[in-house]
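Taking it in order: structure first as structure tokens, then the write-up.
The values are calculated or read from the model by the stated rules, or taken from the named source; none is laboratory data. Quick caveat, the model's predicted, so the values are computed rather than measured. For neighbour counting, all protein chains shown are included, and Cβ atoms are generated from backbone atoms with ideal geometry for every residue, glycine included. Just the protein is used for accessible areas: all its heavy atoms, side chains included, with ligands, DNA and RNA removed. Shrake-Rupley method; radii C 1.70, N 1.55, O 1.52, S 1.80 Å.
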Amino acid sequence: MVTPGYVVADIGTDHGYIPIYLTKNKISPKAYAMDINKGPIDRATENIHMEELQDKIKAIQSNGMEKLKDNMVDGAIISGMGGDLIVDILSRGKNIKGINELVLSPHRRVDLVRKYLLENNWEIIDEKMLIDSGKY
């Protein structure tokens, strides 16, 4: 769901798999793997080096979007966490200029994310739902 050519930040990256996929498949020319904890950043860095993508992906320890600067990225991916945390991350990063696209995957409280997006002039243009391990 990432627009080809967009530089993206994967917030809460964990292993760095999303930025690796996006750059390896030439969807994104550059990406940032961001996580609040050092352990996930270390794992992401190791995976980035194993794929020899350190010239395209930078791993950054950051609480949400706090280390993003204006016009650093075109889009942000925030997935694999609850809707309340996604809304908190978006709220604290809402003044960052240049973010034109969000790819979100709340695993709980989708209603909070929808409400936040509507109240902050974001438009939902596409969505998919899937079942994984018997869960929506």
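Between Met72 and Lys58, the distance separating the two model label sites (each 7 Å from Cα on the Cα→Cβ line) works out to 0.7 nm.
Using a Förster distance of 25 Å, how high is the FRET efficiency between Asn95 and Asn37, based on the Cβ-Cβ distance and rounded to 0.05? Each step should come with its number before you reach the end.
Details: r = 24 Å, r/R0 = 0.97.
Approximately 0.55, to the nearest 0.05.
For the peptides 111-121, 77-87, residues were scored by their other Cβ atoms within 10 Å and the scores averaged per peptide; the highest-first order is 77-87, 111-121. Using the 1.4 Å probe convention, the accessible area of the chain works out to 62 Å² per residue with neighbouring protein chains retained.
Here the range 24-136 has 48 percent of its accessible surface on carbon and sulfur atoms, given a 1.4 Å probe and all protein chains in place. Taking 7 Å steps out from each Cα toward its Cβ at Glu46 and His15 produces label points 1.2 nm apart. Placing a pseudo-label 7 Å from each Cα along the Cα-to-Cβ vector at Asp111 and Ser79 gives an inter-label distance of 2.5 nm. Between 0 and 90 degrees, the angle of helix 110-119 with respect to the longest Cα principal axis of the chain falls at about 80 degrees. Restricting the range 20-106 to trypsin sites (Lys or Arg not before Pro) that sit in a DSSP loop and have at most 10 other Cβ atoms within 10 Å of their own Cβ leaves Lys26, Lys69, Lys97. How tilted is helix 83-92 with respect to the longest principal axis of the chain? Cα atoms for both, answer in degrees (0 to 90, nearest 10). Around 70 degrees separate the two axes.
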